[in-house]
1. Quick test of your reading of the structure: residue 298 fulfils all but one of (1) within 16 Å of the ligand (Cβ to nearest atom); (2) in a loop (DSSP other than H, G, I, E, B). Name the failing condition by number.
2. Please count how many residues of the stretch 251-266 are more than 13 Å from the ligand (Cβ to nearest atom) and at pLDDT 95 or above.
3. Which one of the conditions (1) more than 17 Å from residue 83 (Cα to Cα); (2) within 13 Å of the ligand (Cβ to nearest atom) does residue 312 fail to meet, given that it meets all the rest?
4. From 175, 213, grab the single residue that is crowded, with 22+ Cβ neighbours inside 10 Å, on the phi < 0 side of the Ramachandran plot and touching a strand residue (DSSP E or B) at 6+ places or on another chain (Cβ under 8 Å).
5. Which of the residues belonging to the stretch 181-194 are over 30 Å from residue 286 (Cα atoms) and in a strand (DSSP E or B)?
6. So which residues in the stretch 195-237 are modelled with pLDDT under 95, more than 13 Å from the chain's Cα centre (by Cα) and either part of a loop (DSSP other than H, G, I, E, B) or near the ligand (Cβ under 9 Å from one of its atoms) (or both)?
7. Go through the stretch 153-172 and give me each residue that's touching a residue at least 60 places away in the same chain (Cβ under 8 Å), buried (at least 17 other Cβ atoms within 10 Å of the Cβ) and closer than 29 Å to residue 125 by Cβ.
8. Within the stretch 89-108, take every residue that is at pLDDT 90 or above and not in a loop (DSSP other than H, G, I, E, B) and give me the one that is nearest to the ligand (Cβ to nearest atom).
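The values are calculated or read from the model by the stated rules, or taken from the named source; none is laboratory data. Since the model is a prediction, treat every value here as computed from it, not as a measurement. Glycine gets a Cβ as well: all are built from the backbone with ideal geometry, and neighbour counts include every protein chain shown.
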Ligand SMILES: O=C(O)CCC(=O)C(=O)O
């Protein structure tokens, strides 16, 4: 549950977060990573050896090119009910308690291809939607595969740093992962925190680890000890990595699943590409015995990883987007929709 917005928060003066850097090639990467996860729940990952300086910008550029397509072309790649493929503006409101309007960003969700019959037990096991361009699809599939491998490697380093039985502890819950590659384009809209207009509302991530690549437009903020801090853009190929709720639960909050949000201070469009490494739908997650004691009892009951995701999706996704209709009426195909354009269509909107 996101914490309450700070009283008297202004829209201009956020101090900058100094996130710890984890050099994955360093011999003490496991120790540094665990400390970063305890103190921040966020770190900057360097020297991971997976992607060149040019490959991440290529993915960002491909995302930008897709979002520039006409709305009807984009909607042909949409499976909103299954949160797959193109997701039009106003498809979610991640912090309904503190947001007065749905988020004007648009998105695109890519998952692994489901195995036959898998959808009977995992509602996220649905086929991907793809635009007609085969090169675009190949690039995204290759990025998804690479990030899945990188995710496994980082999870193994974390397991080692935590002193778990074996490095493959988390990998055992990643046989049929619900991982999502999410392409996002934030509208060129200055956020207004006090009025509840945000790029992305305050939230924690649902799964294990998130690997964020983004362009150089600032926006990401993290909440540490009650204060919102701005995270400066990180040049590729470094990633901003953060922990999801499953790691906080497994470690009984020894590691942090830190609340974060996106506040557009520049009014420029922003493209980001988070990759969410998410355990299997049926992975059972409960605090591990080594993180529980008489003085520190279990803070969470056992949960199925997938059920947690279902609950969170249901709480934050809007059904049909009235803002989208407003965009169509305005003839705005570019994904440049803003809450100002759609405000009239928003029941209860304060914008
Ligand atoms: O765009 C970003 O920088 C962060 C996105 C994010 O927090 C999310 O999609 O969960």
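1. (1)
2. Residues that pass the stated criteria total 6.
3. (1)
4. Values: 175 fails: crowded, with 22+ Cβ neighbours inside 10 Å.
Just a single option satisfies the conditions, and that option is 213.
5. Kept after step one, since they are over 30 Å from residue 286 (Cα atoms), are these residues of the stretch 181-194: 183-194.
Across the stretch 181-194, the qualifying residues are 183, 184, 185, 186, 192.
6. 196, 198, 225, 226, 235, 236, 237
7. Correct list: 154, 155, 157, 158, 164, 170.
8. Applying the filter and picking the extreme gives 107.
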